[in-house]
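Asks: Got a structure for you, questions after.
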Amino acid sequence: MWGGRFAEGPSAIMREINASIPFDKALWRQDIAASRAHVAMLAACGIVADADAETILAGLEQVAAEYEANGVPENWDLEDIHMTTESRLAELIGPVAGRLHTARSRNDQVATDFRLWVRDAIDQVDAGLAALQRALVMQAQAHADSIMPGFTHLQTAQPVTLGHHLLAYYEMIARDRSRFADARTRMNVSPLGSAALAGTGFPIDRHMTAQALGFAAPMRNSLDGVSDRDFALDYLQAAAQCSLHLSRLAEEFVIWASQPFGFVRMADSLSTGSSIMPQKKNPDAAELVRGHAGRIVGCLTSLMVTMKGLPLAYSKDMQDDKPPVFEAANLLGLSIAAMTGMVADSTFRTDRMRQAAELGYATATDLADWLVRQANIPFREAHHITGAAVKLAESRGIALDELSLEDLQAFDTRIDQRVYAALSVEASVAARASYGGTAPDQVRARVAEAMQELEQGR
């Protein structure tokens, strides 16, 4: 491959450290697609004879069929997927295979292949996230009226509906999808034709290859074309943020499935048992999703540090760009699939949720709000009155609405019998009818909007 420049072949150490075929063989579909587009352009521009181009295209078709059937062979002497494909092509069609590499370099070749792979990965993750959103929406619709405790600091705060809680994750995933979409738009330009770093002296048509590969345009600077890995970092940043959201949702299920909470029964298919304790049903899938987030964030950090100090244009360090992206994509896909199944197949114990919502004085804010609305008391004063009422109820071990009217009027004589209508958990959630609030009608309205968004592919 290196021609006459070197008197000796690489040492065993160099051969091992230099070979990327064990991981970049994953790019074979993109490598074949880019080669097809490139040779078709060479023929259209009169750089390669039509007959030679047809021979090369037929040979590439055969190589692709072999890879599809048997996988990509790993010959470390050929280093990477590009030389592996070109070598096999030469075995099939002879010396004419050498014309394929006219007006390109492995530098723009790998930049193109990797960009195509990441673009495909974004399309796959978007489809997976849309499925997760649908699962969240379906459960939110079924539980628009199901009351549960809302938490701050993991302490009971105010009653909310389960549907409202699940739709919060729908919104997080929507932002994740928008980040991936932004990354896809930004990366959808073609480096092919940048050659090694300076472009080429052949009269190529870079717009033709860009269009053939589904890119919006060719990249405008050949140095940037071969050295840019922002698209991979954009993908990893979106993946890392998405993994944090999945980890938060997984943590909710871990907590909810624990015996002290008992809010959810998780499907057997996403749980495991214990080797010694027969009663155990462990939320291992959720815990692994939580763990995967750390690895995905690590993948982002890895590539950021790799790219940190590299001068233009291509450096061999950039061969290490693909493993963290491949690892993150695999982990993210597994995490999305696991959480989609978890949301769709779990059974929520709404009786336990409602019971928990009645504990912890979750309607205390409703008492303070009632004092503001009905007794015209400034909120800070109402807050103080309510705090005193909660303290009394807590000392007696009873709920707030179990205090007598006489007890409440001891704190303020303006309190009357109407206050009890505001102290139930049903009244509390119904009162939160502001846009985006937890009231069942608001939840149903947001469910309808979400369904429309998903139908429109957003």
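Asks: Taking R0 as 56 Å, what's the FRET efficiency between ARG15 and GLN211 from their Cβ-Cβ distance, rounded to 0.05?
Replies: 0.90
Asks: OK, next. Spelling out what I want: for every residue of segment 394-410, take phi, set θ = phi - 60°, compute 6.51 cos²θ - 1.76 cosθ + 1.60 (Karplus), and round to whole Hz; glycine and proline get x.
Replies: Going residue by residue, I get 5, 5, 8, x, 10, 6, 4, 7, 8, 5, 6, 4, 4, 4, 5, 5, 5 Hz, with x marking Gly and Pro.
Asks: In nm, to one decimal, how far is the THR413 label point from the LYS281 one, both placed 7 Å along Cα→Cβ?
Replies: 5.7
Asks: By average Cβ neighbour count within 10 Å, what is the ranking of 183-194, 53-64 from highest down?
Replies: Output ranking for 183-194, 53-64: 183-194, 53-64.
Asks: Express in nm, to one decimal, how much length is gained between ALA127 and GLU171 on full extension, taking 0.36 nm for each residue of separation and deducting their alpha carbon distance.
Replies: Gain on extension, ALA127 to GLU171, equals 14.3 nm.
Asks: Here's a follow-up. Spin-label point model (7 Å from Cα, Cβ direction): what's the ALA344 to HIS101 distance in nm?
Replies: It works out to 4.7 nm between the two label points.
Asks: What are the ³J(HN,Hα) couplings of segment 182-199, residue after residue, when phi is run through the Karplus curve with 6.51, -1.76, 1.60 and θ = phi - 60°? Round to Hz, x for glycine and proline.
Replies: Here the 3J(HN,Hα) series is 4, 4, 5, 4, 5, 8, 7, 10, 9, x, 4, x, 6, 6, 5, 5, 10, x Hz.
Asks: Taking a cut-off of 30 Å between Cα atoms, list the lysines near LYS25, but don't count ones fewer than 8 places away on the same chain.
Replies: LYS308, LYS316, LYS322
Asks: Okay, next question. For a quick check: with amide H placed at 1.01 Å from N, whose amide H comes under 5 Å from ASN282's, ignoring anything fewer than 5 positions away on the same chain?
Replies: THR272, GLY273
Asks: At 1.4 Å probe size, put PHE263, PHE202, PHE23 in order of accessible surface, largest to smallest.
Replies: The residues order as PHE202, PHE23, PHE263, largest area first.
Asks: Now for a different question. Dipole size in debye (nearest 20) for segment 60-140 around its Cα centre, Lys and Arg Cβ +1, Asp and Glu Cβ -1?
Replies: I would put it at about 340 debye.
Asks: 222 nm [θ] for the chain, helices only, -39500 (n - 2.57) per DSSP H run of 4+, per residue, to 500?
Replies: Computed ellipticity for the chain at 222 nm equals -20000 deg cm²/dmol.
Asks: How many nm is it between the label spots at GLU66 and GLN155, if each spot is 7 Å from the Cα in line with the beta carbon?
Replies: In this crude spin-label approximation the distance works out to 6.9 nm.
Asks: Oh, and also: Normalise the Cα radius of gyration of segment 262-398 by 2.2 N^0.38 Å (N = residues in it) and let me know the number.
Replies: 1.80
Asks: By how many nm would the segment from SER178 to ASP441 grow when fully extended, if each residue of separation counts as 0.36 nm and the alpha-carbon distance is taken off?
Replies: Gain in length upon complete extension: 92.0 nm.
The values are calculated or read from the model by the stated rules, or taken from the named source; none is laboratory data. Worth saying up front: this structure is predicted, and the values here are computed from it rather than measured. Neighbour counts are summed over all protein chains in view; Cβ atoms, including those assigned to glycine, are modelled from backbone coordinates with ideal geometry. For accessibility, only protein heavy atoms count, side chains too; no ligands or nucleic acids. Shrake-Rupley method; radii C 1.70, N 1.55, O 1.52, S 1.80 Å.
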